[in-house]
Amino acid sequence: RYERSIEIANKALAICDEIDLPGERLGLLYNLGVCYLQLEQYEHATRTILKALEIAQQIEDERGLGFCPSALGEIYRREGRYEDALEKCLEALAVEERLKIDDELVDTLSCMGLIYLGMEQSEYALEFSERAVSILEGLENFSATYEIYFAHAKILHGLGESEQASQYLNRAHAELQHLANTITDLETQRSFLQHVPINREIVAAWKAFS
C-alpha cells in the first residue's frame with residue numbers, strides 16, 4: 001500500500017516540477033515523507049519532510065508550517081532524539097492550536113505524550129496523551145485513530161495502569177481491523193496488517209495480551 005503510494009507520489013512530483021505548482025508539491029512531499037515514516041525509512045522521511053517544510057516557508061503555507069514540524073517530531077521521536085522531537089512538536093503545536101486544526105493537533109499531542117514517556121516524564125506523558133484522546137473522540141473520519149489509541153495504551157502500560165492499557169489496546173486493534181476490512185483485496189489487506197511496522201506491532205501486542 002505505502003510502496004504504491006510512494007510510486008504515485010513520485011510520478012505526480014515530476015508533473016509538479018514541470019508546471020511549477022509549489023502548493024501541490026508541498027502536499028505530495030509531505031505525504032511521501034509520511035509513507036517513508038510508516039515504512040521506518042527515516043532518512044528518506046526526514047529528507048522529504050524537510051523539503052516540504054522549505055516550500056511551506058517559501059510560500060508561507062500556515063498549515064504546512066504545522067504539519068511538517070509535527071512529522072519531523074515523530075521521526076525524531078522514533079529515532080530516540082527526544083529533545084529534537086519535542087522542539088519540533090512544540091513548534092507544530094503553536095501553529096495547530098492557533099489555527100484550531102484539531103485533526104493535526106491530535107497527532108502532535110499524541111507524539112508529545114510518547115516523547116515525554118521516552119524522557120521518563122510520566123505526568124506530562126499522560127497529560128498530553130489524554131488531551132489527544134479527548135480531542136479525537138470529537139472527530140469524525142480520523143484515519144489514524146488506532147495509532148492514537150495504541151500510543152495511549154503504551155503510556156498507560158508504562159504507568160502501570162494495565163487494565164486501562166488493555167482497554168485502549170483492544171480499541172486500537174478494533175479500529176485497525178475495521179480499517180483493514182475496507183481493503184477488498186485479501187493480499188493487500190494482509191500486507192497492510194503484516195508489513196506496515198506500526199500495524200504489525202499493534203497486532204502482535206493484541207495477540208500477546210489476549
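Looking at SER134, SER122 in this structure, which one is in contact with a helix residue (DSSP H, G or I) (Cβ under 8 Å, 6 or more places away or on another chain), hydroxyl-bearing (Ser, Thr, Tyr) and open to solvent by 50 Å² or more (accessible area, probe 1.4 Å)?
Among SER134, SER122, only SER122 is in contact with a helix residue (DSSP H, G or I) (Cβ under 8 Å, 6 or more places away or on another chain), hydroxyl-bearing (Ser, Thr, Tyr) and open to solvent by 50 Å² or more (accessible area, probe 1.4 Å).
Give, as residue ranges, the helices (runs of 4 or more DSSP H) completely inside region 93-210 that count at least 1 residues that are touching a Gly at 6+ places or on another chain (Cβ under 6 Å).
By residue number, 102-118, 122-136, 145-158.
Report the residue count in region 154-198 for those that are touching a residue at least 40 places away in the same chain (Cβ under 8 Å), among the aliphatic types (A, V, I, L, M) and open to solvent by less than 20 Å² (accessible area, probe 1.4 Å).
3
On the basis of being in contact with a Leu (Cβ under 9 Å, 6 or more places away or on another chain) and without any contact (Cβ under 8 Å) to a residue 40 or more places away in the chain, does SER70 make the cut?
No, not satisfied.
So TYR42 passes all but one of these: (1) open to solvent by 30 Å² or more (accessible area, probe 1.4 Å); (2) modelled with pLDDT under 90. Which condition number does it fail?
(2)
Are any residues in region 199-210 more than 16 Å from the chain's Cα centre (by Cα) and surrounded by 12 or more Cβ atoms within 10 Å (Cβ to Cβ), and if so, which ones?
VAL203, ALA205, TRP206, PHE209
Assuming ILE198 fulfils every condition listed in (1) modelled with pLDDT of 95 or more; (2) aliphatic (A, V, I, L, M); (3) within 21 Å of GLY80 (Cβ to Cβ) apart from one, which condition is it?
(1)
The values are calculated or read from the model by the stated rules, or taken from the named source; none is laboratory data. Predicted model only: the values in this text are computed from it and were never measured. All Cβ positions, glycine included, derive from the backbone under ideal geometry; neighbour counts span all protein chains shown. Side chains included, ligands, DNA and RNA excluded: accessible areas come from the protein's heavy atoms. Shrake-Rupley method; radii C 1.70, N 1.55, O 1.52, S 1.80 Å.
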